[in-house]
Amino acid sequence: MKQLWKRNMVAATVLLFVCAAVYLNWKYASGVTGGTTEAGQKILGESTLVSGGAQTGEEETGTAGEAEETSADAGDDYFASARLSRQQARDSAIALLREAAESETADVAVANEAAETIQVLAGYALAEAQIENLVTAKGYTDCVAFMGDGAVSVVVEAEGGLQAEDVAKITEIVLSETDYTTDQITVLEAN
């Protein structure tokens, strides 16, 4: 009886961590409101970086050339950082699921559920990579996609700004690669 209880607690804990990782991924992808550090630097993944607006209402000082260079560097850092964060969260969730599934005391139902969740996460990773590749193949500078249970967000760096036609192209790519509906797709421009 004690082993059954212990096994169920391990399974529940793993599922809690997976749900937390999916929730955090979803919140991160949907543009959680955030801010800047005390030094005025943008925190990667925060809405201030994605939207490009300063939340303090203060204007930045410096020459236009410096601002453009900083913006380009921040954009590159954003996409790399976003991909890294997404992969690290997914890797830790998969490691916990594998540990639960391969545990000697794991129930067959728990092992099967962990295996199914691993397959879902792997499917998300493949679909995100495919969406990112197709969007950049359409001529956009860079792209990162975040998939969750009920939504997908695509952050794009587009030269000349993101227009309605661009959003339509990207939405069509996501629709062709996933089972999401149009109202579950969010396309954002990284500034």
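Each reported figure results from applying straightforward, stated rules to the coordinates on display, with no laboratory input. This structure is a prediction, so every number in the text was calculated from the model and none was measured. Note that we place each Cβ from the backbone using ideal geometry, even for glycine, and neighbour counts take in every protein chain shown.
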Subtracting the Cα-Cα distance of residue 172 and residue 151 from 0.36 nm times their residue separation yields 6.1 nm
Report the net charge of residues surrounding residue 134, where surrounding means a beta-carbon distance below 12 angstrom and charges are Lys +1, Arg +1, Asp -1, Glu -1. -2
